[in-house]
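As structure tokens, the structure follows; a few thoughts come after it.
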Amino acid sequence: MEGLLEELYTAILEGQRDVAKEMVELSLQEGLDPADVLDAMVKAMGEVGRLFEEGEYFVPEMLIAARAMKTGMEILKPRLVDADIQPVGKIIAGTVKGDLHDIGKNLVCMMLEGAGFQVVDLGTDVSPEAFVAAVNEHQPDFMAISALLTTTMPSMQSTIEALKMAGLRDHVKVLIGGAPINNAYAEKIGADGYAQDASRAVKLAKSLI
Ligand code: B12
């Protein structure tokens with residue numbers, strides 16, 4: 001990587017939103033391939049994930065890097081559509097019914113987008129029926145469900161049950177996460193995977209695609 005793309009990579013890594021935006025604009029003006037621009041951003045987010053796992057970055061650093069990536073993506077997205085670059089996979093995401101916590105879920109969504117996934121974010125307080133409707137509508141590869149309250153955890157199971165009832169359980173892989181969740185709970189309710197943070201959520205999704 002050199003020149004503008006290297007500057008873009010560094011801007012994302014350091015969470016410099018305005019610089020990232022400018023570098024994407026300049027790269028496209030200079031006629032660089034949108035796929036290479038995306039690649040530089042995805043690599044930067046990959047490095048952000050690595051630094052987080054190493055304990056060098058914490059949630060705030062990850063959030064500002066993801067925001068810089070998001071700003072760059074807003075400019076790049078139409079060009080990717082023009083160039084017909086396919087996403088790695090499609091994910092619908094949401095926080096379960098009764099639960100309004102969305103900081104972690106948003107971070108997971110941003111990191112997944114950073115890794116090249118198309119994410120449809122259903123927001124918070126998402127009922128099992130709304131998840132099922134979204135699977136019908138968007139035909140995603142994954143459903144990412146977040147819960148932060150012990151009282152709303154059971155809604156994850158209800159969502160999986162609702163998928164089964166709708167005959168959609170085999171159509172979508174269910175990933176779950178949130179502070180009170182662990183692997184044992186994922187196994188108990190029949191989810192396809194659990195990850196403890198956004199960086200590992202990306203690895204998990206990539207490993208299951
Ligand atoms: C911020 C916060 C709030 C904010 C939420 C703002 C928002 N927009 O999200 C507000 C003030 C609204 C709030 C409200 C409440 N909260 Co609150 N809140 C928190 C707090 C302090 C931080 C949560 C957070 O954002 N963490 C940072 C993010 C980055 O971490 P994360 O969410 O865990 O996400 C990471 C991973 O879990 C994972 N992940 C998350 N989702 C997913 C999904 C998938 C698919 C995967 C793979 C991974 C994954 O990746 C994320 C990124 O690395 C926690 C304390 C804590 N330590 O968790 C309490 C906490 C969750 N809240 C708590 C409570 C009790 C409440 C209230 C009931 C308080 C009240 N009496 O009104 C209400 C409930 C409102 C509701 N109906 O949801 C309790 C829950 C206790 C329990 N055992 O259930 C906690 C633990 C605080 C405590 N120690 O008592 N809260």
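The values are calculated or read from the model by the stated rules, or taken from the named source; none is laboratory data. Here the structure is a predicted model, which is why all the values come from computation and not from measurement. Methodologically, a virtual Cβ is constructed for each residue, glycine included, from the backbone with ideal geometry; neighbour enumeration extends over all protein chains shown. Accessible surface areas use protein heavy atoms only, side chains included; no ligands, DNA or RNA. Shrake-Rupley method; radii C 1.70, N 1.55, O 1.52, S 1.80 Å.
Rolled with a 1.4 Å probe across the full set of protein chains, the surface gives SER207 an accessible area near 90 Å².
In this view, the solvent-accessible surface of LYS188, computed with a 1.4 Å probe and all protein chains in place, comes to about 150 Å². Neighbours of LYS97 by Cβ distance under 12 Å: Lys/Arg scored +1, Asp/Glu scored -1, total -3. Straight-line cross-link partners of LYS43 among the lysines, defined as a Cα under 29 Å from its Cα and at least 8 positions apart when in the same chain: LYS21, LYS70, LYS77, LYS90, LYS105, LYS173, LYS203, LYS206.
Just the number, please: carbon plus sulfur as a percent of the accessible area of the chain, 1.4 Å probe, no ligands or DNA/RNA counted.
Details: 5080 of 10130 Å².
Here it works out to 50 percent.
Accessible surface computed residue by residue for region 7-80, with neighbouring protein chains in place and a 1.4 Å probe, gives 50 Å² per residue.
For region 112-209, the solvent-accessible area of protein heavy atoms averages 46 Å² per residue (probe radius 1.4 Å; ligands and nucleic acids excluded).
Does region 100-209 come out rounded, prolate or oblate by the C-alpha gyration tensor, with a ≥ b ≥ c the root eigenvalues, rounded set by a/c under 1.5 and, if not, prolate when a/b is larger than b/c and oblate if not? In terms of gyration-tensor shape, rounded.
Rounded to the nearest 20, the size of the Cβ-charge dipole of the chain about its Cα centre is 880 debye, with Lys and Arg at +1 and Asp and Glu at -1. In angstrom, the C-alpha Rg and Dmax of the chain are 17.4, 53.
Does region 1-113 come out rounded, prolate or oblate by the C-alpha gyration tensor, with a ≥ b ≥ c the root eigenvalues, rounded set by a/c under 1.5 and, if not, prolate when a/b is larger than b/c and oblate if not?
Verdict is oblate for region 1-113.
Considering only MET110, MET156, MET165, the Gaussian network model of the chain with Cα springs below 10 Å gives its largest mean-square fluctuation to MET165.
Helix-only arithmetic for the chain: the sum of -39500 (n - 2.57) across DSSP H runs with n ≥ 4, divided by the residue total, places the mean residue ellipticity at 222 nm at -18500 deg cm²/dmol.
For region 52-151, the calculated P(r), taken from all Cα-Cα distances in 5 Å bins from zero up to the bin holding the longest distance, is 3, 12, 20, 21, 20, 15, 8, 2, 0, 0 percent.
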